[in-house]
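Down below is the structure, laid out as structure tokens.
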Amino acid sequence: MKPETLWLEESCGCKGWCGEMAGHIAGFDWSATATGPIEQWSKSLRAAVKLLLASPVPLVMLWGRPGTMIYNDAYAGFAGGRHPFLLGKPVEEGWPEIADFNRHVVDTCLSGATLSYSDKRLTLHRSGQPEDVWMDLHYSPVADDDGQPAAVIAIVFETTGKILAEQRRDTAERAFREANQRLQLALSSGVVLGTWVWDATT
């Protein structure tokens, strides 16, 4: 790591356990992004980056009006084939398939508000083809040194597995109910399909 980026490990106190993303962030050329060169990052930006690197849950920060993306290892795993392409990209360029959604998020949080979604369904292209995913999403503004909102921090929990399991259970329960209703209808309709008398003594 270059001397000007040693704070990524030393200042957060992680002793190297903050993962591969610290190295990716340190080695990235940020000069053409909304953050500016890494050696000129504000105290608040550095603190926010240390926070997300130390988190075990997927976190992504969208800095400035373009929403320049900085994220941790857990989010890199969520991003799948889109990592490391996403690092340093404006969020609308990084996730063009949900550009309008992300523009709303950035504009809302930079105005000082927060947003939360439970089991939000989105179609993402994480591995080159569209896939429906469900997520719990929580967005909050991040203040710069002047106390004004300068970025958005996003907590991303994918709930796709839970939703698909619930859908399979609901489908199975619905099929069972329909089969039971058909059986009850047949038994109560009075239609005689065939009868016999069994006299046990003869």
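So which residues in the stretch 29-72 are in contact with a strand residue (DSSP E or B) (Cβ under 9 Å, 6 or more places away or on another chain), surrounded by fewer than 20 Cβ atoms within 10 Å (Cβ to Cβ) and over 16 Å from A151 (Cβ atoms)?
Once the filter is applied, which keeps residues that are in contact with a strand residue (DSSP E or B) (Cβ under 9 Å, 6 or more places away or on another chain), surrounded by fewer than 20 Cβ atoms within 10 Å (Cβ to Cβ) and over 16 Å from A151 (Cβ atoms), the stretch 29-72 yields only V57.
Any idea which of L87, L122, L62 is in a strand (DSSP E or B) and in contact (Cβ under 8 Å) with a residue 60 or more places away in the chain?
L62
Each value in this text was obtained by applying a stated rule to the coordinates, not by laboratory testing. Keep in mind that this is a model prediction, so the values were computed, not measured. Cβ: placed from backbone, ideal geometry, glycine included. Neighbour counts: every protein chain shown.
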